[in-house]
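Undergrad: Encoded as structure tokens, here's the structure I'll be asking about.
The values are calculated or read from the model by the stated rules, or taken from the named source; none is laboratory data. All values reported here derive from a predicted model rather than from experimental measurement. Neighbour counts run over all protein chains shown; Cβ positions are idealised from the backbone, glycine included.
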Amino acid sequence: MITVLYFARLREALGTGSEQIALPQTVSDLDGLRELLAARGGPWSEELAANGRIRAAVNQSMASGDTAIADGDEIAFFPPVTGG
Amino acid sequence: MITVLYFARLREALGTGSEQIALPQTVSDLDGLRELLAARGGPWSEELAANGRIRAAVNQSMASGDTAIADGDEIAFFPPVTGG
Amino acid sequence: MTVRIQAADFDIGSEIAALRRANPKIGAVASFVGVVRDVNEGGAVEEMALEHYPGMTERAIEEIISQARGRWNIYDALVIHRVGTLKPLDQIVLVVVTSGHRGDAFAACEFVMDYLKTRAPFWKKEKTPSGARWVDARASDDISAERWRLKG
Amino acid sequence: MTVRIQAADFDIGSEIAALRRANPKIGAVASFVGVVRDVNEGGAVEEMALEHYPGMTERAIEEIISQARGRWNIYDALVIHRVGTLKPLDQIVLVVVTSGHRGDAFAACEFVMDYLKTRAPFWKKEKTPSGARWVDARASDDISAERWRLKG
């Protein structure tokens, strides 16, 4: 299982802040997970499109599409940050 | 009459913080006044030498050797500033 | 270094005093306070909500401060960032840097703020007369952070 | 703008609050505090005396702030500089600048400090174990002030 977190506008658009997912053997990196989630359709496909501005972190470090993910990881998707 | 002020290390070296001077007709700028004072000899000539690092202000604005001075002016001589 | 994410307000004077901790080597204290304005991008702002990513946010800011330590001679740094509901005039963020000399203190303080704006996971949602809106990231903030790659 | 030369200490928090004066357009407050260190140029410092040129000092600082106003978009600026006898850990100088945005606030605050160090008539005399000495002007301060001619 992996934990997937959603923040801010993305959390509201998807209607959830976190979920547990059993990682399919075919998914080994962040892009693979994003495509898996986008295949749910509706807001998932709109928000997690490959050309979108959504950022991601793996185990609380900023990550890119080819960052490897594995069972037990904490993955987060979120819009560009706007703090300070 | 002009008022001449001395600050910091210069004040201590000259032994005075201020004086009133009747401006001779031959003195029309800051360099002229500096030479007049340096001609007193001793610390005056050492501290107010033409090649020294002493700075000056006329009527509370930073001034250079060719700045004109006239009766009623407030002239100040002092070392480079070290505040803040 | 000290990093705090909190809903509560902060007192600049006592935070600076605590960071200085009677260290007589400190000659310079640079600080920055970000404040909620009543306008943003031309529209009125009644209040805002700040969301963060607990755990990652603190780690990201600690990493930013570590980078600043590597680039400038500083003694210590403090970042406090508020989350939750804030109104115009409320303080949002405090950055304080102590150093022997002012050049290092100023540079490190501005560096931390610029990187915090682009690297630390916080998101602002503004409540305006025409409804609530998530604040978009500003290209100017990316430029502010990017310029530190070129400078020393 | 506010310029105060005083023997008394100052409280950063209340000075910043007074400068902000509940102006909801302010989004950024940059500040700097200079502190007496217990060493300078390798020697121990027990205390220092700060002398100024009453009248000219205030005018010079007001002129420095006016220059900053001409270069950056700032709302207000405050400078407090202490004179008289100070000891290590004592605050010497406070500069606070308010602005809509942080870039202007940081730049104007550092500019005012750099120019204050080279343009405002203050002189420091340090008391050390081997006697009292007037502090020499630093070439690095001239360089800090000079670089603003090239930037901005």
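Undergrad: Using the structure shown, decide if C:Leu86 is touching a helix residue (DSSP H, G or I) at 6+ places or on another chain (Cβ under 6 Å), farther than 23 Å from D:Asp114 by Cα, surrounded by fewer than 23 Cβ atoms within 10 Å (Cβ to Cβ) and of a type outside the set (S, T, N, Q).
TA: Judged against the criteria, C:Leu86 is not a match.
Undergrad: Run B:Ser28 past the list (1) over 22 Å from D:Glu126 (Cα atoms); (2) among the polar types (S, T, N, Q); (3) free of Cβ contacts under 8 Å to residues at least 40 places away in the same chain and report the number of the one that doesn't hold.
TA: (3)
Undergrad: OK, next. Hand me the list of strands (runs of 3 or more DSSP E) wholly inside segment D:1-100 holding 3 or more residues that are within 18 Å of the chain's Cα centre (by Cα), more than 29 Å from D:Thr128 (Cα to Cα) and in contact (Cβ under 8 Å) with a residue 60 or more places away in the chain.
TA: Once the strands (runs of 3 or more DSSP E) in segment D:1-100 are filtered for at least 3 residues that are within 18 Å of the chain's Cα centre (by Cα), more than 29 Å from D:Thr128 (Cα to Cα) and in contact (Cβ under 8 Å) with a residue 60 or more places away in the chain, what remains is D:28-35, D:74-82, D:91-99.
Undergrad: Among the residues of segment C:118-139, is there at least one that is among the aromatic types (Phe, Trp, Tyr), under 22 Å from D:Ala108 (Cβ atoms), at the interface with another protein chain (Cβ under 7 Å from one of its Cβ atoms) and in contact (Cβ under 8 Å) with a residue 12 or more places away in the chain? Break it down stepwise before answering.
TA: Residues of segment C:118-139 among the aromatic types (Phe, Trp, Tyr): C:122-123, C:134.
Subsequent filtering for residues that are under 22 Å from D:Ala108 (Cβ atoms) retains none.
Looking for residues that are among the aromatic types (Phe, Trp, Tyr), under 22 Å from D:Ala108 (Cβ atoms), at the interface with another protein chain (Cβ under 7 Å from one of its Cβ atoms) and in contact (Cβ under 8 Å) with a residue 12 or more places away in the chain, one finds none in segment C:118-139, hence no.
Undergrad: I'd like to verify a number: residues in segment C:36-58 that are under 20 Å from C:Ala137 (Cβ atoms) and within 11 Å of chain A (Cβ to nearest Cβ), how many?
TA: Going through segment C:36-58, the residues under 20 Å from C:Ala137 (Cβ atoms) turn out to be C:36-37, C:39-43, C:45, C:48-53, C:56-57.
Narrowing the set further to residues that are within 11 Å of chain A (Cβ to nearest Cβ) leaves C:40, C:48-53, C:56-57.
Qualifying residue count for the region: 9.
Undergrad: Which one of these is buried (at least 21 other Cβ atoms within 10 Å of the Cβ) and charged (D, E, K, R): B:Arg40, B:Arg34, B:Arg55, B:Arg11?
TA: Exactly one of B:Arg40, B:Arg34, B:Arg55, B:Arg11 is buried (at least 21 other Cβ atoms within 10 Å of the Cβ) and charged (D, E, K, R), namely B:Arg34.
Undergrad: With basic (Lys, Arg), modelled with pLDDT under 95 and over 18 Å from C:Ala145 (Cα atoms) as the only criterion, which of C:Arg82, C:Arg21, C:Arg102 stands out?
TA: Working: C:Arg82 fails: modelled with pLDDT under 95; C:Arg102 fails: modelled with pLDDT under 95.
Only one candidate qualifies: C:Arg21.
Undergrad: Okay, moving on. Do we have any residue at all in segment B:70-78 that's modelled with pLDDT under 95 and more than 23 Å from D:His52 (Cα to Cα)? First the steps, then the outcome.
TA: In the first step, residues of segment B:70-78 are kept if they are modelled with pLDDT under 95; the result is none.
Taking every residue of segment B:70-78 in turn, none turns out to be modelled with pLDDT under 95 and more than 23 Å from D:His52 (Cα to Cα).
Undergrad: Okay, next question. In the list C:Ile61, C:Ile92, C:Ile80, C:Ile65, which residue meets the criterion of being crowded, with 16+ Cβ neighbours inside 10 Å, out of contact with any helix residue (DSSP H, G or I) (no Cβ under 9 Å at 6 or more places or on another chain), of a type outside the set (Lys, Arg) and under 30 Å from A:Gly17 (Cβ atoms)?
TA: Of the residues listed, the single one that is crowded, with 16+ Cβ neighbours inside 10 Å, out of contact with any helix residue (DSSP H, G or I) (no Cβ under 9 Å at 6 or more places or on another chain), of a type outside the set (Lys, Arg) and under 30 Å from A:Gly17 (Cβ atoms) is C:Ile92.
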